[in-house]
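S.K.: Below is one structure. I have some questions about it.
Quick note: the coordinates plus some simple rules give every number you see, no bench work behind them. This structure is a prediction, so every number in the text was calculated from the model and none was measured. A quick note on method: Cβ atoms are made from the backbone with ideal geometry, for glycine too, and the neighbour counts reach across all protein chains shown.
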Amino acid sequence: MYEFDIQNMTCGHCASTVEKAIKAADPEASATIDLTARIAKVQSKLEPAAINAAIEKAGYPSSFKHI
């Protein structure tokens, strides 16, 4: 399980966009988005850097947190 701090995620549409970006990078990933805390918890076979890159490509600066 990976956790990412996501900047500029302010609404439901933002959260949906982040989740779609994660799923586009890894269709088998499961993602839980916490809009209030501005974090995404992701279960994926991809490396954290690949997930982070997908989130950032969608327009949301993010950083990986070790949990």
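S.K.: Could you compute the net charge surrounding THR36? Neighbours are other residues with a C-beta less than 15 Å from the C-beta of THR36; K and R count +1, D and E count -1.
M.R.: -1
S.K.: For the stretch 1-41, rounded, prolate or oblate, judged on the Cα gyration tensor with a ≥ b ≥ c (square roots of eigenvalues), a/c < 1.5 rounded, else prolate if a/b > b/c?
M.R.: Oblate, since a/c reaches 1.5 and b/c is not below a/b.
S.K.: Let me ask another. Can you show me the helix-derived [θ] at 222 nm for the chain, built from DSSP H runs with n ≥ 4 at -39,500 (n - 2.57) apiece and divided by the number of residues, rounded to the nearest 500.
M.R.: On the way: 2 runs with 24 residues, N = 67.
The per-residue figure over the chain is -11000 deg cm²/dmol.
S.K.: Kindly express, to the nearest 10 degrees and within the range 0 to 90, the angle between helix 48-57's C-alpha long axis and the longest C-alpha principal axis of the chain.
M.R.: 40
S.K.: Let me spell out the model: positive unit charges on the Cβ of Lys and Arg, negative unit charges on the Cβ of Asp and Glu, origin at the Cα centre of the chain. What dipole size does that give, in debye rounded to 20?
M.R.: About 80 debye.
S.K.: Follow-up question, since we're still on this one. Summing Lys, Arg as +1 and Asp, Glu as -1, what charge do residues with Cβ under 14 Å from the Cβ of ASP5 carry, ASP5 excluded?
M.R.: Details: positive: ARG38, LYS41, LYS65; negative: GLU3, ASP34, GLU56.
The answer is 0.
S.K.: Under 10 Å, Cα contacts only: if you run a Gaussian network model on the chain, which one of ALA50, ALA15, ALA40 comes out with the highest mean-square fluctuation?
M.R.: Looking only at ALA50, ALA15, ALA40, the biggest GNM fluctuation is shown by ALA50.
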